[in-house]
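Visitor: There's a structure below that I have some questions on.
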Amino acid sequence: MNPAVSPFTSLHDHPRIRVVGSFEELVAARFDGNDGVNALCWQRTLEGDFGEIVEKLGVGRGITSLEEARLRALELTEAGRVAREVVLQDLERLRAHDLLPSLDCVNGYENEIESELLRTDVQSWHVDSATVEADTYLCTYSGADSEGLCNEDARRRVDVPELRAELLRLHGGEDDAAFLEWLNENYLDLHYTPLPQARPFSFGVGNLWRIATEWPGSPVPPCIHRAPATVPGQPPRLLLIS
C-alpha cells in the first residue's frame, strides 16, 4: 500500500485528522469523540539539515537513543546547527508539558519477525496503549516517515475469524479468559490488518503529531499507525517520540 494513492487530497480532508497551527493548539486540544478525530497534526516545513545530524552520528544497525549531550557535542555546519536547534526546541517544548520525549536514530530493527500473524513490532499496523489517559507525540525529522490508517479501513488481527482460529491453535487452549490474557500479554490484541480498500496516509517529515492511544475510558478509538518498512540502503530515520 502506497500513501501516494490515498483518497484524501490533503491531511485537511481526512476525517480522523485535525490540522493545527501551533504547538500550543496541539497540546491544548482534546480528543472528545464528538468529531471522530483521533490524530492532531502540526504541519511544519523545517529549516536546517537534519540528514547531517544522522550522518555525523554514524550509528550502526538498530535503534540508537540519543542523549541531549551527544546531540549538542556534534560538530555541524550552519545548516546542521539550525536543525539541531529545532530538535532541542521540540524536546524543551514537550518537557515543559511534563512529557518525556526521546530522540532516536533508527537504522533498521533487530527483532523483525517473519510470521505476519505474530508480528508485534512497530512496522506492523498497531495502536499504542496505556493504563491511564495518555497520547503519543512523534515527529520524523529525517528519513522515511510513519504511516497512519483510518480505523474504518482495518480490523484487529484477533477479530479476523481465520486469524483468531490460527492464534487459538498456537495458544493450544479455549477461546476464554486465558486466551485473552495471552493475547494481551503478547500485545497481539493491539495489532491490525488492513481491509482490501485501505489507503494509508503519510505522517510527513517535519510534522509534529499527537495521536490517540488505547486507554480505559477513552472517548475515541486509538490511531492505527506503523513505522516505515526497512529498505536496504535507506538512510536512518531521526525520530522524536513521547
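The values are calculated or read from the model by the stated rules, or taken from the named source; none is laboratory data. A quick note: this is a predicted structure, and the numbers were derived from the prediction, not measured. Cβ coordinates were reconstructed from backbone atoms using ideal geometry, including for glycine residues, and neighbour counts include every protein chain displayed.
Visitor: Being among the small types (Gly, Ala, Ser) and out of contact with any Lys or Arg (no Cβ under 8 Å at 6 or more places or on another chain) is the filter; apply it to region 71-88 and report the residue that is surrounded by the fewest Cβ atoms within 10 Å (Cβ to Cβ).
Guide: Step one: filter region 71-88 for residues among the small types (Gly, Ala, Ser), giving 73, 79-80, 83.
Checking which are out of contact with any Lys or Arg (no Cβ under 8 Å at 6 or more places or on another chain) leaves us with 73, 79, 83.
On the way: 73: 9, 79: 14, 83: 24.
This residue is 73.
Visitor: If we scan region 142-164, do we find a residue that is surrounded by fewer than 17 Cβ atoms within 10 Å (Cβ to Cβ) and on the phi > 0 side of the Ramachandran plot?
Guide: No, region 142-164 contains no residue that is surrounded by fewer than 17 Cβ atoms within 10 Å (Cβ to Cβ) and on the phi > 0 side of the Ramachandran plot.
Visitor: Additional query: For region 30-52, what are the residues that are at pLDDT below 95, more than 21 Å from the chain's Cα centre (by Cα) and buried (at least 19 other Cβ atoms within 10 Å of the Cβ)?
Guide: none
Visitor: Which of the residues that make up region 135-146 are modelled with pLDDT of 95 or more and aliphatic (A, V, I, L, M)?
Guide: 138 - this is the single residue of region 135-146 that is modelled with pLDDT of 95 or more and aliphatic (A, V, I, L, M).
Visitor: Condition check: of a type outside the set (S, T, N, Q) and out of contact with any strand residue (DSSP E or B) (no Cβ under 8 Å at 6 or more places or on another chain). Does residue 171 satisfy that? Even if it seems obvious, please write down each step before you answer.
Guide: On the way: of a type outside the set (S, T, N, Q): yes; out of contact with any strand residue (DSSP E or B) (no Cβ under 8 Å at 6 or more places or on another chain): yes.
So residue 171 fits the description; yes.
Visitor: Pick from region 184-203 the residues that are assigned to a helix (DSSP H, G or I) and out of contact with any helix residue (DSSP H, G or I) (no Cβ under 8 Å at 6 or more places or on another chain): which of them is farthest from residue 216 (Cα to Cα)?
Guide: To start, the set of residues in region 184-203 that are assigned to a helix (DSSP H, G or I) comprises 184-185, 188-190.
If we keep only those that are out of contact with any helix residue (DSSP H, G or I) (no Cβ under 8 Å at 6 or more places or on another chain) too, we end up with 184-185, 190.
Values: 184: 14, 185: 17, 190: 14 Å.
Restricting to residues being assigned to a helix (DSSP H, G or I) and out of contact with any helix residue (DSSP H, G or I) (no Cβ under 8 Å at 6 or more places or on another chain), the top hit is 185.
Visitor: Let me ask another. Exactly one of (1) surrounded by fewer than 17 Cβ atoms within 10 Å (Cβ to Cβ); (2) closer than 18 Å to residue 142 by Cβ is unmet by residue 107. Its number?
Guide: (1)
Visitor: On to the next question. Every residue in region 81-92 that is in contact with a Leu (Cβ under 9 Å, 6 or more places away or on another chain) and within 21 Å of residue 135 (Cβ to Cβ), please.
Guide: 87, 90, 91 - these are the residues of region 81-92 that are in contact with a Leu (Cβ under 9 Å, 6 or more places away or on another chain) and within 21 Å of residue 135 (Cβ to Cβ).
Visitor: So, one more: Any residue at all in region 90-99 that's within 30 Å of residue 220 (Cβ to Cβ), in contact with a His (Cβ under 7 Å, 6 or more places away or on another chain), touching a residue at least 24 places away in the same chain (Cβ under 8 Å) and surrounded by 12 or more Cβ atoms within 10 Å (Cβ to Cβ)? I'd like the intermediate steps shown before the answer.
Guide: Narrowing region 90-99 to residues within 30 Å of residue 220 (Cβ to Cβ): 90-99.
Adding the requirement that they be in contact with a His (Cβ under 7 Å, 6 or more places away or on another chain) leaves none.
Scanning region 90-99 turns up no residue that is within 30 Å of residue 220 (Cβ to Cβ), in contact with a His (Cβ under 7 Å, 6 or more places away or on another chain), touching a residue at least 24 places away in the same chain (Cβ under 8 Å) and surrounded by 12 or more Cβ atoms within 10 Å (Cβ to Cβ).
Visitor: If I filter region 215-242 down to residues being closer than 16 Å to residue 59 by Cα and of a type in the set (S, T, N, Q), which single residue comes out as modelled with the lowest pLDDT?
Guide: Residue satisfying both the conditions and the ranking: 230.
Visitor: Something else about it: Can you name the number of the only condition in (1) surrounded by fewer than 17 Cβ atoms within 10 Å (Cβ to Cβ); (2) closer than 20 Å to residue 133 by Cβ; (3) of a type outside the set (Gly, Ala, Ser) that residue 18 fails?
Guide: Result: residue 18 fails condition (1) only.
Visitor: Out of everything in region 172-212 that is within 28 Å of residue 29 (Cβ to Cβ) and of a type in the set (Val, Ile, Thr), what residue ends up being surrounded by the fewest Cβ atoms within 10 Å (Cβ to Cβ)?
Guide: Going through the qualifying residues, I end up with 205.
Visitor: Let me ask something additional. Say we look at region 110-132 and pick out the residues that are charged (D, E, K, R) and more than 20 Å from residue 222 (Cβ to Cβ); which of these is surrounded by the fewest Cβ atoms within 10 Å (Cβ to Cβ)? Talk me through it step by step, then tell me what you get.
Guide: The first filter runs over region 110-132 and keeps only residues charged (D, E, K, R), leaving 110, 112, 114, 116, 119, 121, 128.
Then keep just the ones that are more than 20 Å from residue 222 (Cβ to Cβ); that gives 110, 112, 114, 116.
Numbers: 110: 8, 112: 12, 114: 6, 116: 11.
The qualifying residue surrounded by the fewest Cβ atoms within 10 Å (Cβ to Cβ) is 114.
Visitor: Further, regarding this structure: Taking residue 55, is it at pLDDT 95 or above and either over 15 Å from residue 140 (Cβ atoms) or surrounded by 16 or more Cβ atoms within 10 Å (Cβ to Cβ) (or both)?
Guide: Judged against the criteria, residue 55 is not a match.
Visitor: Among the residues that make up region 25-35, is at least one of them within 29 Å of residue 154 (Cα to Cα), without any contact (Cβ under 8 Å) to a residue 12 or more places away in the chain and touching a Lys or Arg at 6+ places or on another chain (Cβ under 6 Å)?
Guide: There is no residue in region 25-35 that is within 29 Å of residue 154 (Cα to Cα), without any contact (Cβ under 8 Å) to a residue 12 or more places away in the chain and touching a Lys or Arg at 6+ places or on another chain (Cβ under 6 Å).
Visitor: Go through region 87-144 and count every residue that is part of a loop (DSSP other than H, G, I, E, B), acidic (Asp, Glu) and farther than 28 Å from residue 32 by Cβ.
Guide: Going residue by residue through region 87-144, those that are part of a loop (DSSP other than H, G, I, E, B) are 97-101, 108-125, 127-128, 130-134, 143-144.
Imposing the further condition that a residue be acidic (Asp, Glu) reduces the set to 98, 110, 112, 114, 116, 121, 128, 133.
Those still in the list that are farther than 28 Å from residue 32 by Cβ too: 110, 112, 114, 116, 121.
Matching residues across region 87-144 total 5.
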